Structure formats: structure tokens, C-alpha cells
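Scroll down for the structure; my scribbles are underneath it.
The values are calculated or read from the model by the stated rules, or taken from the named source; none is laboratory data. The shown structure was predicted, so the numbers you read here are calculated from the model rather than taken from an experiment. Cβ atoms come from the backbone with ideal geometry, glycine included; neighbour counts cover every protein chain shown. Please note that ligands, DNA and RNA were not included when accessible areas were found on the heavy atoms of the full protein model with its side chains. Shrake-Rupley method; radii C 1.70, N 1.55, O 1.52, S 1.80 Å.
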Amino acid sequence: QVQLVESGGGLVQPGGSLRLSCVVSISIFSIHDMGWYRQAPGKQRELVARITSDGNTNYVDSVKGRFTISRDNAKNTVYLQMNSLKPADTAVYYCNAEIQRYWFEAQEGYWGQGTQVTVSS
């Protein structure tokens, strides 16, 4: 069973930083795109940042220049470094990965359980 295990959320003051991590818990054939999404209360889930297997990235405009997504393919892990946090960044953050479990299977999307990020003074 593929699991994405997230960590690193919490409470931080405006202007502060947090680093989220997400690790794929079992050995698999290949991980394609990985990304972070967030969902604030009463709002739809939105893409925050995404990274391809060869390191190309894209970000939602509201986090450009403040957030950085990266990945360690040897550790099957994706990170989200969040700096200059604002109250508007408060949300549950979800990790997503397009995973190919075996060479003979098509890739499939998987989600983490979510980690709460709260930005408040």
C-alpha cells in the first residue's frame, strides 16, 4: 500500500518560516510529478507548487518568491520551504505524487493525509 507521509506543519507567526516534508513510504518503480496543494476552510483545494522528476517547477502566483519546492529522488521525498508566511497561507497542506508502482503499471495519483499550517500572531 502506497502511503505519503507528511510532516512539518504547525503554528507560526506572520513573517516566519516552515518546511514541509512528504515521503513515499514504500519502495516503488518510479515517481513522476510531485506537488503540494492546500485547502483553507470554506475554499477549494488549490495547487501551491509542483515539481517534475527532472526538477522543473511551477508555483501559484501568491507564493512566488516566498515558497520553494524541491525533491530528493534518492529518498522519495518532496519538500516545501515556506518563508515570509502570511495569515492567508493558513490551510491544510496536502502532498500529491504521480507514482508508478511497477514497470508494467500506469502511473496513478496519491495523496497524503494533510498537515495543518496556521499563520497567526
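Details
- Residue that is nearest to G9 (Cα to Cα), among those in the range 66-112 that are of a type in the set (S, T, N, Q) and open to solvent by 80 Å² or more (accessible area, probe 1.4 Å): N73
- The one condition from (1) crowded, with 18+ Cβ neighbours inside 10 Å; (2) closer than 16 Å to Q116 by Cβ; (3) at pLDDT below 95 that Y37 does not meet is (3).
- Here the range 40-54 is the region considered, the condition is being outside any strand (DSSP E or B), surrounded by 13 or more Cβ atoms within 10 Å (Cβ to Cβ) and not hydrophobic (A, V, I, L, M, F, W, C), and the residue that is farthest from the chain's Cα centre (by Cα) is S53.
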